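> Before I ask anything, here is the structure I am working with.
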Amino acid sequence: MVLSVEQFAASADAWFEKNTPRDLDFMLPLTFMEVGTDQQFEFLRNWQKRVYEAGFLGAAWPAEYGGGGLSQVHQDAATNAMKAHNAPIIFNTIGLGWAGPLILDRGSEDEKRRYIPGILNADDVWCQGFSEPDHGSDLGNAQMKAVRDGDHYVLDGSKIWTTHGHYAKYMILLARTNPAAPNKYLGLSFFLVPMNTPGISTRKIRKLTGENGFTQTFFDGAKIPVSCRVGEEGQGWQIAMQTLMYERNAKGGQAGGISISEIDPLRIIDLARSTKRGGRPAIEDPVVKDRLVNLIIDNQAFLMSAERAKLSPLNADCPQAIPLMSKLVRTEFIKDINEFAISLQGTKAGYYAGDPSAIDDGYWQRGYLNAFSATIGGGTSEIQRNIIGEHALGLPKSK
């Protein structure tokens, strides 16, 4: 029997109320980009498997590939229940949010049956091979080589900022197959690459936070079958742009779940009550009050914009504007709200997670430092402004 949306939402609410882990003896990542220890990885892999087996992940994906075969509204209800109960993140974001939707849209029947079930149950973790050490925001100028050799491609080069690179089973990869193409975009192709291929290795990158959520990935004569290519040679840029539309939430089809813990501005009210300014609670300071109100208003505006984005008649003129804008503004907002919370802490602002003197165990400090990765991933804020101006609003390119 198919549950109504209301019944499904009630079931999800009851399940997360009962099963959401509490009082763990180790630090959980706030975002999918922070998974840096084996303990975190195994916990989150098991958590995703439990959520999936309970029916609250991939609910709107086709049942024949392991999904729930329900509507997107059902999945949205489950994701909302995760947020309401402050559940741990669903960490396999690149598989669930980017690779999976792309495979469902463009993949062959064999690829859908081979990849989608493992993405959902967390058996198969995915990573992304787009940015390169010398070509970060200039993705179209990627120089990683994929040379055709009979029934294989030989890969040489490196990719950087590979989230989950040392844990991943597969990578979505953009590589140059034709250096002589008439323009740089036509020389790129897109691949689904097994990470256990001989000649592929990773090196962890230690972040500002001390965590190791990223790696640099090296390709030294790695041979992959031609069947790993998605689309035709030279279509890589087009496919990569579609993938980035999923990443920026400008195109739907994701499996659901929380990849970044939501920050509730109301938490800062408690912080403002407990911290002091001039010997009095910070919340009594009119400047603090004004900033708190503005943060709460901004947060509510994001929620309302997300609802508006679902209503086509309200977005007919610029259908991609709200999702693209939300990626830009929301990631900057998360950085700002953490910075403001730190500013309330006075002399204790310098304590970090793990220090007994840290307020909220350094939650706000962790959030601030990790917020920078979200303003870079999927296109930096500067690149995002160009995309909104040129592609969503139709403005001319700046000189």
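> Regarding region 306-325, can at least one residue be identified that is in a loop (DSSP other than H, G, I, E, B), among the charged types (D, E, K, R), under 26 Å from Met245 (Cβ atoms) and modelled with pLDDT under 90?
yes
> If you scan region 145-183, which residues turn out to be in contact with a Leu (Cβ under 9 Å, 6 or more places away or on another chain) and either under 25 Å from Ser259 (Cβ atoms) or assigned to a strand (DSSP E or B) (or both)? Let's see the steps before the verdict.
Keep residues of region 145-183 that are in contact with a Leu (Cβ under 9 Å, 6 or more places away or on another chain), which gives 145-147, 155, 159, 170-178, 181.
Within region 145-183, Lys145, Ala146, Val147, Leu155, Lys159, Tyr170, Met171, Ile172, Leu173, Leu174, Ala175, Arg176 qualify.
> Mind telling me which of the residues Ala181, Ala168 ends up being in contact with an Asp or Glu (Cβ under 9 Å, 6 or more places away or on another chain) and either without any contact (Cβ under 8 Å) to a residue 24 or more places away in the chain or in the same structural domain as Ile239 (by TED's automatic domain parsing) (or both)? Full working, then the answer.
On the way: Ala181 fails: in contact with an Asp or Glu (Cβ under 9 Å, 6 or more places away or on another chain).
The unique qualifying residue is Ala168.
> Follow-up question, since we're still on this one. Residues in region 56-71: is at least one in contact with a Pro (Cβ under 9 Å, 6 or more places away or on another chain) and modelled with pLDDT under 95?
No, region 56-71 has no match at all.
> Could I ask something else about it? Restricting attention to region 8-40, which residues are within 20 Å of Leu369 (Cβ to Cβ) and either of a type in the set (S, T, N, Q) or in contact (Cβ under 8 Å) with a residue 60 or more places away in the chain (or both)?
Passing the criteria: Met27, Leu28, Pro29, Leu30, Thr31, Phe32, Met33, Glu34, Val35, Gly36, Thr37, Gln40.
> Right, something else. Take the residues in region 347-379 that are touching a Gly at 6+ places or on another chain (Cβ under 8 Å) and more than 18 Å from Ile337 (Cα to Cα); name whichever of them is modelled with the highest pLDDT.
Asp355
> Can you pull out every residue in region 57-102 that is among the aliphatic types (A, V, I, L, M), in contact (Cβ under 8 Å) with a residue 40 or more places away in the chain and part of a helix (DSSP H, G or I)? If you could, list the steps in order and put the result at the bottom.
Within region 57-102, the subset among the aliphatic types (A, V, I, L, M) is 57, 59-60, 63, 70, 73, 77-78, 81-82, 84, 87, 89-90, 94, 96, 99, 102.
Now restrict to residues that are in contact (Cβ under 8 Å) with a residue 40 or more places away in the chain: 57, 59-60, 70, 73, 77-78, 81-82, 84, 87, 89-90, 94, 96, 99, 102.
Val73, Ala77, Ala78, Ala81, Met82, Ala84, Ile94, Leu96, Ala99, Leu102 - these are the residues of region 57-102 that are among the aliphatic types (A, V, I, L, M), in contact (Cβ under 8 Å) with a residue 40 or more places away in the chain and part of a helix (DSSP H, G or I).
> Can you tell me which residue in region 1-34 is surrounded by the fewest Cβ atoms within 10 Å (Cβ to Cβ), limited to those that are part of a helix (DSSP H, G or I) and in contact with a Gly (Cβ under 7 Å, 6 or more places away or on another chain)? Write out each step before concluding.
Step one: list which residues in region 1-34 are part of a helix (DSSP H, G or I), which gives 5-19, 32-34.
Right, trim to in contact with a Gly (Cβ under 7 Å, 6 or more places away or on another chain) and you get 33-34.
Values: Met33: 24, Glu34: 26.
Going through the qualifying residues, I end up with Met33.
> Can you work out which of the residues in region 81-102 that are over 17 Å from the mean Cα position of the chain (by Cα) and not small (Gly, Ala, Ser) is modelled with the highest pLDDT?
Initially, region 81-102 is screened for residues over 17 Å from the mean Cα position of the chain (by Cα), giving 81, 84-86.
Restricting the remaining residues to those that are not small (Gly, Ala, Ser) gives 85-86.
Working: His85: 94, Asn86: 91.
For region 81-102, the residue satisfying everything is His85.
> Related question: Tell me yes or no: at least one residue of region 281-295 is part of a loop (DSSP other than H, G, I, E, B), among the charged types (D, E, K, R) and more than 21 Å from the chain's Cα centre (by Cα). Steps first, answer last, please.
The initial filter retains those residues of region 281-295 that are part of a loop (DSSP other than H, G, I, E, B), namely 285.
Those left that are additionally among the charged types (D, E, K, R): 285.
Retained after the next criterion (residues that are more than 21 Å from the chain's Cα centre (by Cα)): 285.
Yes: one or more hits.
> Among the residues of region 35-51, is any part of a helix (DSSP H, G or I), touching a Pro at 6+ places or on another chain (Cβ under 7 Å) and at pLDDT 95 or above? Break it down into steps so the answer makes sense when it comes.
Within region 35-51, the first condition is being part of a helix (DSSP H, G or I), and the residues that meet it are 38-51.
Checking which are touching a Pro at 6+ places or on another chain (Cβ under 7 Å) leaves us with 40, 44, 47.
Then drop every residue that is not at pLDDT 95 or above, which leaves 44, 47.
Scanning region 35-51 turns up at least one residue that is part of a helix (DSSP H, G or I), touching a Pro at 6+ places or on another chain (Cβ under 7 Å) and at pLDDT 95 or above.
> Only one residue in Asp123, Asp105 is assigned to a loop (DSSP other than H, G, I, E, B) and more than 18 Å from the chain's Cα centre (by Cα), so which one is that?
Details: Asp105 fails: assigned to a loop (DSSP other than H, G, I, E, B).
Of Asp123, Asp105, the one residue that is assigned to a loop (DSSP other than H, G, I, E, B) and more than 18 Å from the chain's Cα centre (by Cα) is Asp123.
> Select from region 348-399 the residues that are touching an Asp or Glu at 6+ places or on another chain (Cβ under 7 Å), closer than 23 Å to Arg330 by Cα and in a loop (DSSP other than H, G, I, E, B) and list them in ascending order. Quick ask: steps written out before the conclusion?
To start, the set of residues in region 348-399 that are touching an Asp or Glu at 6+ places or on another chain (Cβ under 7 Å) comprises 353, 362, 368, 370, 375, 378, 381, 397.
If we keep only those that are closer than 23 Å to Arg330 by Cα too, we end up with 362, 368, 370, 375, 378, 381.
Passing the criteria: only Gly378.
> Turning to a different aspect of this structure: Go through region 132-144 and give me each residue that's assigned to a loop (DSSP other than H, G, I, E, B) and crowded, with 19+ Cβ neighbours inside 10 Å. Show your work before the answer.
Applying the first criterion (assigned to a loop (DSSP other than H, G, I, E, B)) to region 132-144 yields 133-134, 136-138, 142-144.
Hits for region 132-144 are Ala142, Met144.
> Of (1) part of a loop (DSSP other than H, G, I, E, B); (2) in contact with a Pro (Cβ under 8 Å, 6 or more places away or on another chain), Asp264 satisfies all except one. Which?
(2)
> Oh, and also: Out of Thr243, Thr217, which single residue is touching a Lys or Arg at 6+ places or on another chain (Cβ under 6 Å), modelled with pLDDT of 85 or more and not in a loop (DSSP other than H, G, I, E, B)?
Numbers: Thr243 fails: touching a Lys or Arg at 6+ places or on another chain (Cβ under 6 Å).
After applying the criteria, what remains is Thr217.
> Kindly provide the set of residues from region 226-237 that are out of contact with any Phe, Trp or Tyr (no Cβ under 8 Å at 6 or more places or on another chain) and either touching a residue at least 24 places away in the same chain (Cβ under 8 Å) or assigned to a loop (DSSP other than H, G, I, E, B) (or both), ordered by number.
First pass over region 226-237, keeping only residues out of contact with any Phe, Trp or Tyr (no Cβ under 8 Å at 6 or more places or on another chain): 227, 232-234.
Within region 226-237, Glu232, Glu233, Gly234 qualify.
The values are calculated or read from the model by the stated rules, or taken from the named source; none is laboratory data. None of these values were measured; they are calculated from a predicted model. So basically every Cβ, Gly included, is an ideal-geometry build from the backbone, and we count neighbours across all protein chains shown.
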